[in-house]
Amino acid sequence: MSHVLVNVAWPYANGPRHIGHVAGFGVPSDVYARYERMKGNDVLMVSGTDEHGTPILVEAEKEGLTAQELANRYNRVIAKDLCDLGLSYDLFTRTTTGNHEHVVQEMFKQCLENGYIYKGTQQVAISPSTGRTLPDRYIEGECPICHAEGARGDQCDACGNELDPDELINPVSKINGETPRFEQTEHYFLDLPALAEANKAWLETRKGWRTNVINFSLGLFKEVKPRAITRDIDWGIPVPVKDWIDNPNKKLYVWFDAVIGYLSASIEWARRQGDPEKWREWWNDPSCPAYYFMGKDNITFHSQIWPSEMLAYNGKGSKGGETGPMGPLNLPEQVVASEFMTMEGKKFSSSRGIVIYVKDILARYPVDAVRYYISVAGPESSDSDFTWAEFVRHNNEELASSWGNLVNRVANLINKNFGEIPPLDEDSMTNEDRGLLEEASAAFDVVGSSIETHHQKHALSEAMRVVGDINKYISATEPWKIKDDQARLGTVLHVAAQAVSDANHLLAPFLPHSAQKVWEALGGTGVFSPLPHLEEVEDLDKPGFTYPIITGDYELGVNVHPWKSEAIEVGAMVPKPAPIFAKIPTEAVEEELARFDEALAARRAADPLGRRVRVCHLRMLGLERAKLTLQHVVLIVGDLGRVLVVVFFVVIPQLLPQSGNLLTHV
C-alpha cells in the first residue's frame with residue numbers, strides 16, 4: 001500500500017460555485033481519489049474554502065456584512081454543494097481557522113529566516129473612493145506587450161505574460177470603473193528569482209504532464225520577478241513580524257496563504273484524527289506522490305508560486321537555508337489542470353447570469369447524471385461547452401438506456417427465473433461466455449491506466465464500451481427464450497450478472513451514488529461506494545468558532561471494494577429491480593434555456609449599462625478618464641429573440657465647439 005496525496009483547488013468563498021468550477025477541480029479529483037482507494041492506496045484528499053482577500057471585502061460591503069459573516073455564509077453553501085456532489089474529501093475545511101493561520105505564519109517565518117522573503121516597496125493600486133488596495137486581477141487595461149484589451153493587473157490572457165497593474169495602459173477598476181491611484185508602500189516580497197533555478201529544474205523532471213500545463217509552466221520562467229506577499233488591507237492573516245503583527249491594515253496576500261492550505265488542511269485532519277504527526281506520511285515521505293487538481297487559471301500558483309514557497313521553506317533555493325520543522329515538504333508530483341467550460345457557447349459569469357449553480361442543477365437532476373456529463377464532456381484537455389441538449393442526450397442514451405436498462409434487464413431476469421444469483425455451470429459455458437468475462441476483467445487494467453494518467457474521458461469510454469458489449473451479449477444469447485435448459489439459463493444470467501458487477505466496479509469512481517444501487521440490485525449488501533458527510537466541528541484553536549467540514553470513512557475491505565473483478569455471490573437474493581436511472585424529458589431542454597434567458601434578462605435589468613461595456617466604449621472614444629455621469633448616457637435596448645441589441649449615445653456637449661451638436665457613438 002502506498003500513500004497518495006490528492007490536493008484539490010480551494011473554491012473562493014464570495015459566492016456559490018457553478019458547474020464550470022466543479023468540472024475543473026471537483027469531479028476529476030474525486031474520480032482519481034476513489035480509484036486510488038479501490039487500488040488499495042492510502043489516500044488523503046483535502047481542500048477547503050479560500051476566504052481572504054479583497055473580493056470577500058467587496059462582496060461583504062455590498063451585502064452589508066462583515067467579511068467573516070460573508071465567508072461563514074458561503075463556506076456552508078459551498079461545503080453542502082460539494083458534499084451533495086459526492087466529493088469524498090477526508091477533510092474539507094477553510095482558511096479562517098486558527099490552525100491555518102498558525103501554519104501560514106510558520107511558513108512565512110522560515111522563508112524569511114532563509115532569506116527568500118525580504119522587505120521592499122512597491123507601487124500598489126488604491127481605490128480613490130475607498131482607500132483600499134485593489135487586487136491585481138480587479139484591474140483591467142490594455143496589455144503593454146501585445147496591446148490586447150482586457151488584460152488583468154496580474155496577467156494578460158491574450159499573450160500569457162505576467163504583469164503588474166501599473167504596467168497596464170489606461171488601467172481601470174473592474175469594481176466601479178474608476179481609475180486607480182498608484183502609491184509606493186512598504187511590503188514583504190517572495191524572492192522568486194532566487195528560487196527560479198531550483199523551481200525550473202524540478203519542472204524539467206516532470207513526466208506525463210498535460211502538454212499545455214507543462215509548456216505554460218516552463219514559460220513562466222522566461223522572466224521571473226519578486227512578488228509582493230503582503231497587502232494594505234484589513235482582512236487576512238497578520239504578518240508575523242515585529243511592528244507588523246499588530247498592524248490592522250497590513251495582511252498577508254491571499255495568494256500566499258491559500259496554497260499553504262493544502263498543508264494546513266492535512267495538519268488539521270491529523271489533529272482531528274488524534275494523531276497530530278500523521279500528516280507527515282503524505283508530506284515528508286519523498287515516495288508519496290501529490291496530485292493537484294484545478295482549472296487552468298490556477299496553474300501559475302501550483303507550478304511556480306507554491307513550489308517556490310516549499311523550496312524556500314526547505315532551504316533549496318540559490319541562497320540555501322535550513323529546512324523548517326514541518327519539512328522537508330514534497331513538491332507536486334503532477335499539476336492536473338483542466339481547461340475551461342462554457343455554457344451554451346458563453347463564458348460562465350455569475351455577475352451576468354451565465355451560470356448553473358451546483359445546488360440548482362442537483363435540485364433538478366440526479367447527481368450521477370451531473371457527474372457523468374462532467375466526466376464524459378468536461379474540459380479535460382480542451383475547452384468544452386455545457387449544453388442542456390447534450391446533458392439530456394448523454395443521460396437518456398447512455399445512462400438510462402444503455403447502463404441503467406442493462407442492470408434492470410439482468411436483475412429482472414434473475415429475479416423472475418431464480419430469485420437469487422444462479423450458479424455457473426462450467427459444462428454449459430461457451431466461448432462467448434468466456435470472452436465476455438475475460439473482456440470485463442481485462443478492462444480493469446485499461447480503465448485504471450487511463451485514470452492513473454489523468455485521461456478520464458478515455459477511461460469512462462472504455463468502461464461504457466464494456467457496458468455496450470454486455471448489452472450485445474444479452475441480445476445475442478436471448479435468455480428470455482431459454483425455456484427448457486435451466487443450467488444454460490443460469491449460466492447466461494450468471495455471466496451477465498458477473499459482467500455487470502465488473503462494469504459497476506469500473507464505473508464506481510465516476511458514479512458512486514448509482515454504484516451503490518447497482519450493487520444492491522444484484523444482491524449485494526453493505527456499503528459498496530462510500531459517500532462523504534457534513535460534520536459540524538469547533539475550531540481546534542479558537543474556542544466557540546464552529547463550521548462544517550466534509551469528511552468520511554473510506555477503507556478498503558470495509559466500505560471500499562477493490563479495483564478488480566469480485567466474484568458475485570451465488571445464492572444472493574435478487575429483489576425485483578427499481579429503475580437506476582430515469583430519462584429526462586426532452587422538454588427539459590427548452591425549459592432550461594428559457595430559465596437561462598430569464599436569468600440573463602434579470603441581470604441586464606439590474607445593471608442595464610454593464611460596467612465593462614461602458615468602459616470599453618469610453619476607451620474607444622478616448623474618454624476613459626472623462627468624468628461622466630448617467631446624465632450623459634442614453635441607452636436604447638432592442639430585444640430580437642435571444643440577441644440583445646444595445647445602442648449607446650454618449651452626450652458630451654461641453655467637449656464640442658458647437659453646443660448644439662451631439663457627439664454620439666454606436
Estimated vicinal HN-Hα couplings, Hz - segment 307-322 in sequence order (Karplus 6.51, -1.76, 1.60; Gly, Pro = x): x, 5, 4, 5, 4, 5, 5, 7, x, 10, x, 5, 8, x, x, 9
Cα gyration tensor, segment 119-221 - rounded (a/c under 1.5), prolate or oblate: oblate
Between helix 26-38 and the chain: long-axis angle, C-alpha atoms, 0 to 90°, nearest 10: 40 degrees
Cβ-based charge dipole, the chain, positive-most Cα from His52, Ala602, Ala158: Ala602
Trypsin sites (Lys or Arg not before Pro) within segment 278-354: DSSP coil, no more than 15 neighbouring Cβ in 10 Å: Lys278, Lys319
Rg(Cα)/(2.2 N^0.38 Å) for segment 486-558, N = residue count: 1.70
Degrees, to the nearest 10: 261-272 long Cα axis against longest axis of the chain: 60 degrees
Antiparallel DSSP beta bridges within segment 265-377, percent to nearest 5: 40 percent
Probe 1.4 Å - accessible area at Glu344, Å² to nearest ten: 50 Å²
Residues whose placed amide H lies under 5 Å from that of Val239, excluding near-sequence neighbours: Leu252
Scattering curve values for the chain, log₁₀ I(q)/I(0), Debye with Cα scatterers, q = 0.10, 0.11 Å⁻¹: -0.99, -1.15
For q = 0.10, 0.12, 0.21, 0.22 Å⁻¹, Debye-computed log10 I/I(0) when each Cα of segment 341-464 counts as one equal scatterer: -0.48, -0.65, -1.29, -1.34
DSSP beta bridges in segment 36-168 [antiparallel fraction, %, rounded to 5]: 50 percent
Considering only the chain, percent of DSSP beta bridges that pair antiparallel, nearest 5: 65 percent
Cross-link pairs Lys174/Lys251; Lys174/Lys250; Lys200/Lys225; Lys278/Lys564 - those with Cα-Cα distance over 18 Å: Lys174/Lys251; Lys174/Lys250; Lys278/Lys564
Whole-Hz couplings from phi, Karplus 6.51/-1.76/1.60, listed for segment 490-500; x for Gly and Pro: x, 5, 4, 6, 5, 4, 4, 5, 5, 5, 4
Solvent exposure ordering (accessible area, 1.4 Å, most first) of Asp81, Asp234, Asp164: Asp234, Asp164, Asp81
Rounded to the nearest 10 Å², the accessible area of Arg393 at probe 1.4 Å: 80 Å²
Relative contact order of the chain, pairs being alpha-carbon contacts under 8 Å that are 6 or more residues apart, as %: 16 percent
Anisotropy class of segment 41-137 from Cα gyration tensor, a/c 1.5 cut: oblate
Listed residues Asp243, Asp469, Asp257, Asp485 arranged by accessible area, highest first, probe 1.4 Å: Asp243, Asp485, Asp469, Asp257
Directionally averaged projected area (convex hull, Cα atoms, segment 438-493), nm²: 4.1 nm²
Sites matching GluC sites (Glu not before Pro) across segment 249-318 that sit in DSSP coil, with at most 15 neighbouring C-beta atoms within 10 Å: Glu277
Prolate/oblate/rounded call for segment 412-457, Cα gyration tensor, a/c under 1.5 rounded: oblate
Rounded to the nearest 10 Å², the accessible area of Asp385 at probe 1.4 Å: 60 Å²
Under 5 Å, built H, 5+ apart or other chain: amide partners of Ile354: Ser349
Segment 261-374: proportion of alpha-carbon pairs further apart than 19 angstrom, %: 63 percent
Met429-Arg393 pseudo-label distance in nm [points 7 Å out on the Cα-to-Cβ vector]: 4.0 nm
With eigenvalues of the C-alpha gyration tensor scaled by 5 and rooted, segment 433-574, Å: 37, 19, 11
Pair Ala201, Trp480: separation of 7 Å Cα→Cβ label points (nm): 6.9 nm
Most positive-pole-ward Cα, Gln304, Ser514, Gly526, against dipole of the chain from beta carbon charges: Gln304
Total lysine pairs whose alpha carbons fall under 29 Å of each other in segment 295-438 (8 or more apart, or interchain): 6
Cα long-axis angle, helix 611-621 against the chain (0 to 90 degrees, to the nearest 10): 50 degrees
Whole-Hz couplings from phi, Karplus 6.51/-1.76/1.60, listed for segment 2-16; x for Gly and Pro: 10, 8, 9, 9, 10, 9, 10, 3, 8, x, 7, 8, 10, x, x
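The values are calculated or read from the model by the stated rules, or taken from the named source; none is laboratory data. Just so you know, these numbers come straight off a predicted model, no measurement behind them. Cβ sites come from the backbone with ideal geometry, for glycine too, and all protein chains shown count toward neighbours. We work out accessible area using only protein heavy atoms, side chains counted, and drop any ligands, DNA or RNA first. Shrake-Rupley method; radii C 1.70, N 1.55, O 1.52, S 1.80 Å.
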